[in-house]
Structures are given as C-alpha cells and as structure tokens.
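Notes follow once the structure below has been shown.
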Amino acid sequence: MTSLPLGDSFHVYDTTLRDGAQREGISYSVTDKLAVARHLDALGVGFVEGGWPGALPKDTEFFARAAAGDLQLRHASLVAFGATRRVGLKVQDDPQVRALLDSQAPVVTLVAKSDRRHVELALRTDQAENRAMVRDTVAFLVGEGRRVFVDAEHFFDGYAFDPDCALGVLESAVDGGADVVVLCDTNGGQLPLGLADTVAEVVTRTGFRVGIHCQDDTGCAVANTLAAVQAGATHVQCTANGYGERAGNADLFAVVGNLVTKLGMPVLPQGGVAELTRVSHALAEIANIAPDTHQAYVGTSAFAHKAGLHASAIKVDPELYNHIDPETVGNGMRVLVTEMAGRASLELKGREFGIDLAGRPDALGGAVRRVKELEARGWSFEAADASLELLMLDELGELGEPPFELESYRVLLDHRSDGADLVSEATVKVHVGGQRVIATAEGNGPVHALDAALRTALLPHVGWLGAVELADYKVRILTDRPGTDAVTRVLVESTDGEREWTTVGVHANIVEASWLALRDALVHKAVRERTPAV
C-alpha cells in the first residue's frame, strides 16, 4: 500500500463552499459558510475554498469576515477562487484579480480554459492569448505573495480533442509559478480506466504536480478521483457529501475514507478520520438536506445488516460482513430486524439493547416468531427499535408493570358547515396509580387530541411525563388492501431531551395505529426509568 506522510506531500482540498454550493436547493448564508469552514478545518482538510470574492457579494463578505478574525483556522488554508485576467486586459487592471488579492486569502485557485473549443468559442480568443492570460495572472498573484493552484477546466475533453493545447495551458500555469495544476473532469463524463491513463500520461510527459477535480455525472466521481491518485495525482478536490451542480462532485468523505482505509494514506491529522460521520451529518444539517442514509462510510445504513445470513456470520466475527471497523470513521454497525431476521439477528439486536437472549432459547425463538408474524401483517421494526425492545422484554417476562392501563378512548371530529377550523376532541379512561382517571382534551387533529388527553390524565401520576415530547410522526398506507380499507402503519419518534426512541403501531384504523405507537412510546420510557443503565 502507498504510504504518504502528512504535510504538503498530499492535498485534501474542499470546495463545498463554492462548487458544492451550486447544488440545487443549497443557499448558504455567510454565517453558514463560516460554520461549514470551521467544521472542515476541525476535520483536518488542508484547504477550504471559500468562494469567489468580487463575483458574489456573500463570498466577498465571507472573506472580509474571515480576515477580520471571524474565522480562525488551525489546519486548513483558506482559498479564494477566481478567473484569470480577461482577454486583452492587463492583469493589474483587472478588478476580479484585484478582488482575489483584497480577499487576503493566502491561497488562490484560478480557473483556466484548457479545451481549445472553449478558448475559441467561449473566450473568443486564440491559444497564445489564453496561455498569456494564465501565465500573467499566476505570476502576478505569486509576486504578491499568494500560493496559486490552477484548475484546468474541461481538461480531459480538451486533452482528447487537442492534447497540445491542453498541455500548453498547464505549462503556462507552471511557468507562472503555480504549485499545482488540477485536471478537471468538468462535464463529469470520464470513466476510471481512461481517466487514469490520461493522468499517468500527463504526469509522465510534464513532471508537474497534478491534482484532480471530478464531477459525478457518470456516477464515477469518487472512483475517478481514486484512480487519478493511483495514477500520480497528489491533490484531490472534493465536496462534503458530494454536493455540487447536476449530479454533484466527488464526495469528500468517501474519497478520504478510501484513501485512508484502502490505500493506507494518512491524509488527515490524527483523530480526523473518526470525525468523518459526525462532520458529514453536521454539514448536511447546515445545508438543510437530509443525510443520505446509504452514503458510503458515513451513512446510517452504511454498516446496517438485514439478512439473517449476514447476522449469523457477524455473530461469529463482525469483519466477515463489514469491509472496515465502522468506528474507524465514527460510524457504527446496526442489525436490522425484519421478516428476514433469524435467531442470530435477534440475539445481536438484543445485545444492542443490553438484553441477553443467548441463554434463553425459548424466549429467543418466541421473539423470532412474533417478529415474523407481525411483519407479515404490516409491522416494521427496522426503524422502531423501542417497540422491538419491548417485544423482547415481553418474551423474557421482564416487561414489568405498565405505567397505565387503558380502559377506553374516544375521538370526535367537529366539522362545521361554516368552514371554521376543524376541531378534534378525545376522551381517555385509564387506570394509573391505583386510580381510574378520565380526561378530555382538544387538538388540531385526532392523534394530537388523543395525545393531549392521555397526557392530561397521566401527568399528575407520572413524574417523568413532562419531559417527553413527540418529535416526529410518520404515516404510511400499506397497499395490501384497496383504497380506504388499507392498513396504516404509524411511526412515532419521541424524545426526553437526552435521547430519542421510535415506536410503531399498525391497524386498519389510523387512530388505533397511532394509539399503539403512542402507548409503546410511554411504556418504553417507563422501562428505561426503572432500568436506566439499560
């Protein structure tokens, strides 16, 4: 395996705040951009590209605030992105180049056309002027004390069309003093083997330090990036979670995970790799995009196992079905319990809960049978660990006394002909603390009213109930039966401010399905109150 020391011998370069921000649906505020940069710096990337000062007001403000001290970086160098001087203009007279200097960023990345067709059709100039634009701008910035990288835009397409033109742009960048020339698969159309051949050929022909920047239009951005590294690239440009225009960019977390665990390249400071999962999810939160549960290395399902065959092997040795130890990247293994589950799956899941089913074969077998029977009727325990834990405890005879017993409930819906807001009213009759309690409450829907009535009845008798809140409520209509006769599955996510848990209910009536999930939520909390160490 390759082994490169930390330092300047290999660059992990993040462009989330510029290229990643081009993803549809992402709009970072300046405060967001500062927060993203801090997370990336804490992870230990070498370079954080902050945006294009002078072109976008928010980016200009970001660099101004960074220069004023709002951004203190410990690991990363801040990078300003921009273009070479314009055609026919002296570099010192170009306001966009001046904005790069005014950003006070110690590193500047310039984008340069390296495809002859783009030079002639988009820039409307010739190759000589294009090369002069690159050389002049790089030399000017280097002379002002900046470190300069050059992104050779459309390089692979341009190299295939006219290799001399493409290589000429790289030569001009290096002649001007650029540290790295970055080969960009701007349209994202490359495949790994062909891209690797081109990178190796460029490295051999030029001897330049080469970087790689890949879009994901073929779904190969991560593979292309790794192939480029194996072909000689020592600078990788990525975005958090693969954010970017169209299909996105090479995912920073997958690229780093592979470089470290597969190629043996310690490209982050000590402890950085274990932060991959946390940082991935934190940056998804800032972008207001739900984390990809199936994302390589950092997704919540990246090390989740569903098939009973897998669980049987994992019970013997987790490495048999995990390509790495999940904790290496700050993730964890999960066993999903479904109708596919066997005894090994339930036993492993029990261990997660602190429940030992290994020594109780009857209880284990009973739990397996109940899970399969319930799943056949529409229940799903994949996302409802709390309900599954209650099922296991019930099979073991360790569920204990419930916090309350239901006598009955009733839910009414008041629909008025004058078009006023709908009002739901629920009444519950429960036995709690040796008393029969009746309570009524209104809500903006039947489930809300039922939850409110139950809380009204229980709160004087159950001290911890005030801390429990309904965090999320999901409904799915199961299609085994047609139309309004279909079975409804309800997932309820609850929280007490310290932890979250999810319960499930299934019934043809949505209110009853909701009741079953609400009841399990409170029973599970009561069990944890009795045995907080579980």
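Overview of results
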quantity	calculated
Glu129, sole failed condition from (1) surrounded by 17 or more Cβ atoms within 10 Å (Cβ to Cβ); (2) outside any strand (DSSP E or B)	(1)
Residue count, region 119-147 (criterion: under 21 Å from Leu183 (Cα atoms), more than 35 Å from the chain's Cα centre (by Cα) and touching a residue at least 12 places away in the same chain (Cβ under 8 Å))	16
Meets criteria (assigned to a helix (DSSP H, G or I), within 14 Å of the chain's Cα centre (by Cα), surrounded by fewer than 24 Cβ atoms within 10 Å (Cβ to Cβ) and not assigned by TED's automatic domain parsing to the domain that holds Thr328) for Glu275	yes
Unmet criterion (only one of (1) in contact with a strand residue (DSSP E or B) (Cβ under 6 Å, 6 or more places away or on another chain); (2) modelled with pLDDT of 90 or more) for Gly443	(2)
Which listed residue is in contact with a strand residue (DSSP E or B) (Cβ under 7 Å, 6 or more places away or on another chain), at pLDDT below 95 and farther than 21 Å from Arg209 by Cβ, from Leu123, Leu89	Leu123
When residues of region 289-306 are limited to those that are of a type outside the set (Val, Ile, Thr) and either in contact (Cβ under 8 Å) with a residue 60 or more places away in the chain or part of a helix (DSSP H, G or I) (or both), the one farthest from Ala240 (Cα to Cα)	Lys306
Qualifying positions in region 223-242 - over 20 Å from Val180 (Cβ atoms), buried (at least 24 other Cβ atoms within 10 Å of the Cβ) and not polar (S, T, N, Q)	Ala240, Gly242
Entirely in region 163-251, the strands (runs of 3 or more DSSP E) that have 1 or more residues that are free of Cβ contacts under 8 Å to residues at least 60 places away in the same chain and either touching an Asp or Glu at 6+ places or on another chain (Cβ under 8 Å) or at negative phi (or both)	180-185, 210-214
Residue among Val12, Val30 that is in contact with a strand residue (DSSP E or B) (Cβ under 7 Å, 6 or more places away or on another chain), buried (at least 17 other Cβ atoms within 10 Å of the Cβ) and aliphatic (A, V, I, L, M)	Val12
Restricting region 145-184 to residues that are among the charged types (D, E, K, R) and over 12 Å from Lys113 (Cα atoms), the residue that is surrounded by the fewest Cβ atoms within 10 Å (Cβ to Cβ)	Asp164
Residue in region 49-70 that is at pLDDT below 95 and within 22 Å of Thr277 (Cα to Cα) present	no
Answer residue from region 243-272, given it is touching a Leu at 6+ places or on another chain (Cβ under 9 Å) and polar (S, T, N, Q) and is surrounded by the most Cβ atoms within 10 Å (Cβ to Cβ) among those	Asn258
Within region 183-214, tally of residues that are within 20 Å of Ala296 (Cβ to Cβ) and out of contact with any helix residue (DSSP H, G or I) (no Cβ under 6 Å at 6 or more places or on another chain)	3
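Per-residue answers, yes or no, for (1) among the hydroxyl-bearing types (Ser, Thr, Tyr); (2) at pLDDT 95 or above; (3) within 16 Å of Thr109 (Cβ to Cβ):
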residue	(1), (2), (3)
Ser172	yes, yes, yes
Leu191	no, yes, no
Gly194	no, yes, no
Val202	no, yes, no
Ile212	no, yes, yes
Cys220	no, yes, no
Thr225	yes, yes, no
Gly244	no, yes, yes
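The values are calculated or read from the model by the stated rules, or taken from the named source; none is laboratory data. These numbers were taken from a predicted model, which means no experiment stands behind them. Note that each Cβ is placed from the backbone with ideal geometry, even for glycine, and that neighbours are counted across all protein chains shown.
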